[in-house]
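Inspection log for the structure reproduced underneath, given as structure tokens.
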Amino acid sequence: MPRSPLFLALFNPVNLAMLALTAAAGLCSAWWLAPIGFALWLVMVFVIARDPGLQMTFIRQNRQPLAQRYQVRFDRLDRARFSVFNALSQASPPLRRALEPLEQALDELVEHAYQLCLRMSALDNTLAVQQISSDFSGEVAKLEKNIVETADLAARREFEAALQSLQTRQAQLKGISTLLARFEAQLTGTVSAVDGVVTGVVSLKGRAPQLVTEKISALLQIIQTEQEELKQFDQDIEQTPIF
């Protein structure tokens with residue numbers, strides 16, 4: 001089971017040593033050193049627990065698995081986000097500050113993509129179950145034959161209603177299948193776009209401030225465009241009937 005940043009901070013060897021020294025100072029030296037040492041220990045725990053790298057790793061390790069068609073693509077997207085984080089950790093303070101809006105926008109994009117992947121994975125499972133449990137072609141053929149061969153009007157109406165209901169389900173499943181394929185293509189495009197953003201961020205090192213500002217604006221626009229395209233799928237899912 002993945003360990004939380006707080007757990008890692010509490011059991012960090014340096015923090016444990018600090019806590020032990022605090023206790024020893026309070027017992028063996030001067031009691032008034034204990035509160036000061038304890039306060040310092042709390043600060044050290046807080047700093048480590050709030051480490052962005054630890055928090056990001058913890059979130060990644062606790063994500064639910066996705067449908068295979070989306071898992072591979074999302075993993076690439078998540079690695080790209082981590083690459084940007086690593087690049088920024090090695091950048092100069094001015095460049096880090098300039099890139100903060102882009103990093104935040106990328107974080108939001110990746111999280112949005114993950115939530116959509118979860119919802120699409122549920123749809124993918126629903127579609128698979130329906131396709132396995134239903135023989136649409138056979139059922140349609142049987143109902144059509146019954147309609148032709150049945151002389152009783154009431155029975156024919158029942159068969160016709162059943163056929164219409166079955167055809168509606170077929171159309172809905174086809175719509176779900178199309179939506180899943182569209183999202184797979186969109187996710188592929190998003191991964192490619194974000195890979196380009198990563199390359200752009202890495203190339204900013206050593207650039208003139210004016211060029212950095214222009215480049216960041218262009219990279220941020222790429223992320224915002226991908227975000228808008230993902231929002232369209234939020235609406236599409238809401239309008240998609242689920243069995």
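Since every read-out is calculated from the coordinates, none of them should be taken as a lab result. Predicted, not measured: the structure shown is a model, and the values here were computed from it. Cβ sites come from the backbone with ideal geometry, for glycine too, and all protein chains shown count toward neighbours.
Among the residues of region 111-145, write down those that are among the polar types (S, T, N, Q), surrounded by 14 or more Cβ atoms within 10 Å (Cβ to Cβ) and touching a residue at least 40 places away in the same chain (Cβ under 8 Å). Outline the logic, then answer.
In the first step, residues of region 111-145 are kept if they are among the polar types (S, T, N, Q); the result is 115, 121, 125-126, 130-131, 133-134, 137.
Checking which are surrounded by 14 or more Cβ atoms within 10 Å (Cβ to Cβ) leaves us with 121, 126, 130, 134.
Within region 111-145, 121, 126, 130 qualify.
Considering only residues that are of a type in the set (Ser, Thr, Tyr) and in a loop (DSSP other than H, G, I, E, B), which ones fall in region 185-229?
Correct list: 203 only.
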Going through (1) surrounded by 12 or more Cβ atoms within 10 Å (Cβ to Cβ); (2) closer than 20 Å to residue 186 by Cα one by one, residue 157 fails only at (2)
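Taking the condition farther than 16 Å from residue 114 by Cα and surrounded by 14 or more Cβ atoms within 10 Å (Cβ to Cβ), does residue 237 pass? Don't jump to the end; show me each part of the working.
Details: farther than 16 Å from residue 114 by Cα: no; surrounded by 14 or more Cβ atoms within 10 Å (Cβ to Cβ): yes.
No; evaluated as a whole, the condition is false for this residue.
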Sole miss for residue 178 among (1) surrounded by fewer than 14 Cβ atoms within 10 Å (Cβ to Cβ); (2) more than 29 Å from residue 102 (Cα to Cα); (3) in contact with a Lys or Arg (Cβ under 9 Å, 6 or more places away or on another chain) is condition (3)
